[in-house]
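The values are calculated or read from the model by the stated rules, or taken from the named source; none is laboratory data. Given the structure is predicted, the values throughout are model-derived calculations rather than measurements. Neighbour counts run over all protein chains shown; Cβ positions are idealised from the backbone, glycine included. Accessible surface areas use protein heavy atoms only, side chains included; no ligands, DNA or RNA. Shrake-Rupley method; radii C 1.70, N 1.55, O 1.52, S 1.80 Å.
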Amino acid sequence: MALLQISEPGESPDPHQRKYAIGIDLGTTNSLVATVRSSIAEVIRDESGHALLPSVVRYLEGARVVVGDEALGKAVADPTNTIVSVKRLMGRGFEEARRYPTPYELLEAPGMVRLRTRAGDRTPVEVSAEILRVLRARAEASLGHPVDGAVITVPAYFDDAQRQATKDAAALAGLSVLRLLNEPTAAAIAYGLDNASEGIYAIYDLGGGTFDVSVLRLNKGVFEVIATGGDSALGGDDFDRRIVAWALRETGLAGAHETLDLAAAAGNDADGDRPSALDARDLRALIGEARRAKEALSKSDRTTFDVPLSDQSRVKLPLSRERFESLCSDLLERTLQACRDTLHDAGVGPSEVRDIVLVGGSTRMPMVRREVARLFERAPHVDLDPDQVVAIGAALQANQLVGNRSVDGDWLLLDVIPLSLGLETMGGLVERVIPRNSTIPTARGQEFTTYRDGQTAMAIHVVQGERELVSDCRSLARFELRGIPPMAAGAARIRVTFQVDADGLLSVSARELSSGIEASVAVKPSYGLSEDEIAGMLRDSFESAAQDMEARALREQQVEADRLDEATSSALAADGDLLSEAERAEITRLLEKMRAARAGSDRDAIRAAIESVSIGTEAFAAQRMDRSIARALAGTRIDDIGS
C-alpha cells in the first residue's frame, strides 16, 4: 500500500527540512531564549524550570566561569570578579564606561573598555559571550539539535558600535546571527501576532539598563516602525542607585555631598570623594538591597532598606513608595519626554495610539504604569509577561528568517534606524546622509566635491548622531578615496553611498564619477573588536577546551577524594575498635597517600589512590555492616522477623 505524506498547508512535507532557530533577549538584568514549536513560540526553560537567566558572570581560578543564578549568589561575596549589567558597557570606551558604578576595575585600552578579573582582563563582548553560550546550550539541549540561527534583540537606541559589539559576542559564542532586532519591535511582533491587531501602537520598554520607545503601524501583517527614541543609558539600575544614594545621605555615609557618586564609592574615580566606610562588597550589597526594595514597593506601600556593612555597622531605614517615587520622578520624566518626542517624530498624538504595550521588568513599578496611562490617556496593555515578550517576538522572527512556515508566517517587518548617519564636511560639520527613523534596510547616496585645486585624494569620516558638530557625534569609521583626477576645486563629482542592512549595521562606499575609481569600508566601529581579535578569541576558546576538560576532570577526582576521606575518617571514629592496630595503621597509611595525591595535579594518581582506599576498606565496611545488623536484630526472635 502506498503511503501519502501529509503536511499542513504552507509547511514543508519533509520534517527533516525544518531548521532550528531561536530568539534571544540579551538583557541587562536577565536574559532568556525562546523558539517556535508547532507554530507556537515558547520560552525555553532550564532543567530547574527557570526561564530567566541572570545576566551575571563570575570568573574563578583556572579560567573557570559560572553564569546565572550561581554567579548572582556570589555577587556580594566576590564583587570584583562577578560582572553584572555588562550590557551597559557594550561598545563603550573607557570614558563612557566609567560613568557607570562598578565594584570591579575598569581598564583603559584602545577601543572598548576592559574589565579586570582574576581570570585576566575581559571585554564586555567576552562577558556577554559567556551568557550567550549558556543560552545556546540550553536551547540545543531542549531542541535536541544544533541551532541553525538566532535573532538577538538589542535596544532600539543602540548605536552602530553597540550593535556591532553584540554581533561580535554572538560570533564568539558560536551563534549564527540571522538578525539583530530592536527590542520594542520584537515586542510588537509578539503582541501583534497574538492579537491580530491593526492600527498605531506604542511600545514602552524600560529594562534594567536601557529605555526605548517605538511607535508602530500594524496593518495586514505589515509591522512598520514609524519612529523610535529612548536612552541607552537609562534603566532600572538608575532607580536602584537613587535608593542607594538616598540611604547613604540619610545615614551620613555620603559625606557633605547632596548626591553620591557611586563610581567613586566603587573606587573607579580617583577625583571623587570615596566614603571611607564602603568597599566593593558594601557597594554590591547596597545595590542588591535597593533592587529588592524597589521590587517590594511594586507590591506594597512600604518596606525596610536593610544592609549590614563590612565594618559591622548597618544601614537600616524605612522606605515608602511615596518617598521612592519622589526620589526617581525625574528619571521617569525622562522616559515620558522621550515618548512625547517620539510621538512628535511619528506625527501622531497620544489619542491616535490604539494601545500601549509595556516591556521590561522595570515597567512593573506602579509609578510607570500610572504616568504612562496619564500621558497616553488610556491604561497600558499589561497582559503579556514583560520579561518574556521580547524573546517571544525574536523567536517568531527567527523562525521566519530560517524559512520555516507557520500559520502566521505571512508578515513583513519594516524597522528603522535610531540615529542619523552622515559625513564630516569642512569646518567639522555633519552632513546627514541617512536621517534617523529611516526604514531599514536602506541605501542612500549623496554627491560631494573637492575643496582645493588639483586635489587627488579625499578623507571620508563617517559619523553617527543628531548634533551638528562632528565633535558631538560618534565617530564610526575613516577611509580615503585616492586617485581623483586633478581638477579645479569643485569640479570633481564624488558620490558617497551609505548602505544599512537589516541589523542596522553600515557600509559606506565612495566613487569618483568621471574616472570610476572607488573606495569602500564595511564600518567596524572603533569600539568593536576586529575580525582578527574575534578569530583569536575563538581560537583560544577551542585551544583551551581540552585544558578546561582536564581541569574539570581533576576537580571531580579531588571532590571524590575529599568525600571518601571524610566518610572513612568518620567510620574510623565510630567503629575503629573493630580493627586491629595493624589494620587501622594500613587504612591510615592509604588515607595519607590519597591526601598527598589530592594535593597535587595528577588526576590518574588521585584516581589510583581513591581506588586503593576503597579496596583497603572493603573488609572494614563488611565488619561495620555486620555490627549494624547485629545491633538491629538484638533482642528479636526469629519468629518475629518472619512475621
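Data overview
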{"item": "Rounded to the nearest 10 Å², the accessible area of residue 507 at probe 1.4 Å", "result": "40"}
{"item": "Over the chain: Rg over Rh, Cα atoms, Kirkwood Rh", "result": "1.08"}
{"item": "Lys, Arg +1 and Asp, Glu -1 on Cβ, resulting dipole of the chain about Cα centre, debye, nearest 20", "result": "560"}
{"item": "Helix-only mean residue ellipticity at 222 nm for the chain, each DSSP H run of n ≥ 4 adding -39500 (n - 2.57), per residue, nearest 500", "result": "-12000 deg cm²/dmol"}
{"item": "Point-charge dipole on Cβ atoms (K/R +1, D/E -1) for the range 153-245, about Cα centre, debye to 20", "result": "180"}
{"item": "In order through the range 338-351: 3J(HN,Hα) via Karplus (6.51 cos²θ - 1.76 cosθ + 1.60), integer Hz, x for Gly, Pro", "result": "4, 5, 4, 5, 5, 4, 5, 4, 6, x, 10, x, x, 5"}
{"item": "Charge tally in the Cβ shell below 9 Å around residue 20, where Lys, Arg are +1 and Asp, Glu are -1, residue 20 excluded", "result": "0"}
{"item": "Calculated FRET efficiency for the pair residue 601/residue 482, C-beta based, R₀ 35 Å, to 0.05", "result": "0.05"}
{"item": "Net charge over other residues, Cβ less than 12 angstrom from the Cβ of residue 595 (K, R count +1; D, E count -1)", "result": "-1"}
{"item": "Per-pair calculated FRET efficiency, R0 = 45 Å: residue 472 and residue 295 via Cβ, rounded to 0.05", "result": "0.75"}
{"item": "Positive dipole terminus of the chain, leading residue within 399, 634, 358 (C-beta point charges)", "result": "358"}
{"item": "Estimated inter-spin distance, residue 42 and residue 502, nm [label 7 Å along Cα→Cβ]", "result": "2.6"}
{"item": "Added length on full extension, which subtracts the Cα-Cα distance from 0.36 nm per residue, residue 323 to residue 105", "result": "75.2 nm"}
{"item": "Alpha-carbon centroid distance for the pair the range 310-380 / the range 444-511, whole angstrom", "result": "41"}
{"item": "Accessible area in the full protein assembly, largest first, 1.4 Å probe, for 287, 44", "result": "287, 44"}
{"item": "Distance (nanometres) between label positions extended 7 Å along Cα→Cβ at residue 612 and residue 442", "result": "7.5"}
{"item": "Accessible-area composition of the chain, carbon plus sulfur, in percent [1.4 Å probe]", "result": "48"}
{"item": "Vicinal HN-Hα couplings computed from phi for the range 504-514 (Karplus, 6.51 cos²θ - 1.76 cosθ + 1.60; Hz; Gly/Pro x)", "result": "x, 9, 10, 10, 10, 10, 10, 9, 8, 5, 6"}
{"item": "Surface accessible to a 1.4 Å probe, per residue, for the residues of the chain, Å²", "result": "46"}
{"item": "Dipole-positive endmost among 146, 106, 127 within the range 91-147 (Cβ charges, Cα centre)", "result": "146"}
{"item": "Euclidean distance of C-alpha centroids, the range 561-619 and the range 72-126, integer Å", "result": "45"}
{"item": "The chain: relative contact order in percent, alpha carbon pairs under 8 Å with at least 6 residues between", "result": "13"}
{"item": "Listed residue (479, 329, 573) projecting farthest to the positive dipole end of the chain, Cβ model", "result": "329"}
{"item": "DSSP-assigned coil residues among GluC sites (Glu not before Pro) in the range 38-93, each with at most 16 further Cβ atoms within 10 Å", "result": "47"}
{"item": "Nonlocal amide H pairs with residue 90, under 5 Å, H built at 1.01 Å", "result": "none"}
{"item": "By average C-beta atoms within 10 angstrom, highest first, the peptides 479-486, 203-210", "result": "203-210, 479-486"}
{"item": "Distance (nanometres) between label positions extended 7 Å along Cα→Cβ at residue 553 and residue 634", "result": "4.8"}
{"item": "Proximal charge balance of residue 615 [Cβ under 14 Å; K/R count +1, D/E count -1]", "result": "-1"}
{"item": "Packing-based ranking, highest mean first, of 278-284, 586-592, 356-362 given that Cβ atoms within 10 Å are counted", "result": "356-362, 278-284, 586-592"}
{"item": "Unit charges on C-beta of K, R, D, E only; dipole of the range 346-448, Debye", "result": "220"}
{"item": "In sequence order, calculated HN-Hα J values of the range 485-498 (Karplus, 6.51, -1.76, 1.60; Hz; x Gly/Pro)", "result": "x, x, 9, 5, 4, x, 8, 5, 10, 10, 9, 9, 10, 9"}
